[in-house]
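Remarks on the structure that follows.
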Amino acid sequence: MQTKDDTLPILALACWDEEQFKRRVPSNIEGVLQLAFQEETKHWRVLPLIHQNLIKAGLFSQLSPELQSKLKATTQKSVANNLAMKSQLASVLALFKANEVPCILLKGMAFSGWIYDDAYPRGSRDIDMLVKEKDFEKAKSLLQEIMDSYTAPGAGPLIGLYEESFIPKGKSGMAIDLHKSITYPQVFNIDECQLWQRSLEHPNYCSEYVRVLSKEDSIIHQAIHCYRDFDFNRYSLVDFHCLKESHDVIFESVEARAKALGCSKVLSLFLASYSVLEGSVKGGINSQHSKGVDFKLVEWLMKTKRQTRNSFVSRVVQAILLYLLPDNKRGVISLYNRFISRSVKAY
């Protein structure tokens, strides 16, 4: 599985570990960073992590004054954004707790202040929260007291199947994606009860109402999130790296859980992408990641979807990818029915 040439070295700089980091630093590091800033809309989430890693490695002072200044400014902006998001999140969590609605924080906000240092936060564009399916309508009503429901222009035909989005009424603040499932329940065998039983109290909140996925479920969710976006060369690989570097992960358990969930191929593709990013397979992920997956075909389809401006071609490619990767083909057929029905209505 190959990553785009510009993405690989940038993501690698965001992944810290004592033994490997300096080996991954390219000789043209200033050129890589200049490219990252040229495409800041794509890489802004990980720039503070790169800033922190270069300081740890004793390399930050070797950068040009211009790049030092840019990294400092980007990090300061990310810190301010992170504080604003946490303030907004605190009010939502208080509202949920008062109404006895527990939630699991997902993705960036789940790791904020825990896996990632608040002084060098991993950026997030929105806040993702999972509630139990029985609490979903109640949670929606609570959010609608302070926010407006929102559907992004051009949203695909599968939007809203397991999450709904909300934006602040005053347009100031971050969007919230409220999930009733971590992914398509038609395709993957999600046992909600077990997922919540395995979840943990968030270390920063010390409340049974604010939780995070277990580390194994977090890894699987990162892989599934890449599958949903049809892009395995993204910052979720950095989240995975930081999680496994800071916590003991038993990959046999992850693989067994992925098999039960029906996302073995999705996980294989995710781990193969990470192996390319890492440059060497270590940490217990030296299995045959390519087993059962035609990586060249998947890579070509994903590249086609990224580059095409034809919405019909994009939908066709999306439909093929939806079928290729999940283990449960019957579930995909069920999802196809919704996909086709909604696509026809859209046209």
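Just so you know, all these numbers are worked out from the coordinates, no wet-lab data involved. Predicted, not measured: the structure shown is a model, and the values here were computed from it. FYI the Cβ positions are ideal-geometry reconstructions off the backbone, even for glycines, and counts take in every protein chain you see.
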* To do: Please label the shape of the range 124-183 as rounded, prolate or oblate, based on the square roots a ≥ b ≥ c of the eigenvalues of the alpha-carbon gyration tensor (a/c under 1.5 means rounded; beyond that, a/b larger than b/c means prolate, else oblate).
  => oblate
* Residues with beta-carbon under 10 Å from that of residue 127, excluding residue 127: net charge, scoring Lys, Arg +1 and Asp, Glu -1? -> 0
* Report the label-to-label distance for residue 159 and residue 61 in nanometres (one decimal), using points 7 Å from each Cα along the Cα→Cβ vector. => 5.0
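Would you kindly state how much longer the chain becomes between residue 23 and residue 35 on full extension, computed as 0.36 nm times their sequence separation minus their alpha carbon distance, in nm to one decimal?
Numbers: separation 12, 0.36 × 12 = 4.32 nm, distance 2.00 nm.
Additional length available on full extension: 2.3 nm.
How far, in nm, would the chain grow between residue 200 and residue 333 when pulled straight, counting 0.36 nm per residue and subtracting the alpha carbon separation?
Details: separation 133, 0.36 × 133 = 47.88 nm, distance 3.40 nm.
Here the segment from residue 200 to residue 333 would lengthen by 44.5 nm.
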* Asked: What GluC sites (Glu not before Pro) does the range 21-57 have in DSSP loop regions with at most 13 other beta carbons within 10 Å?
  -> 39
* Asked: How much net charge surrounds residue 54 when only the other residues with a Cβ under 15 Å from the Cβ of residue 54 are counted, with Lys and Arg +1 and Asp and Glu -1?
  -> +1
* Structure fact -> In the neighbourhood of residue 235 defined by beta carbon distances under 12 Å, the net charge of the other residues (Lys, Arg +1; Asp, Glu -1) is +3
* Asked: Among 67, 213, 325, which one shows the biggest mean-square fluctuation in a GNM of the chain, springs joining Cα atoms closer than 10 Å?
  -> 67
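How many Å³ per residue does the convex hull of the Cα positions in the range 7-346 occupy? Mind showing how you got there, number by number?
On the way: hull volume 48.3 nm³, N = 340.
It comes to 142 Å³ per residue, whole-number rounded.
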* Any idea what the dipole of the chain comes to, in debye rounded to 20, about its Cα centre with Lys/Arg Cβ at +1 and Asp/Glu Cβ at -1? -> 940
* Structure fact -> Rounded to the nearest 500, the 222 nm mean residue ellipticity computed for the chain from DSSP H runs (n ≥ 4, each -39500 (n - 2.57)) alone is -16500 deg cm²/dmol
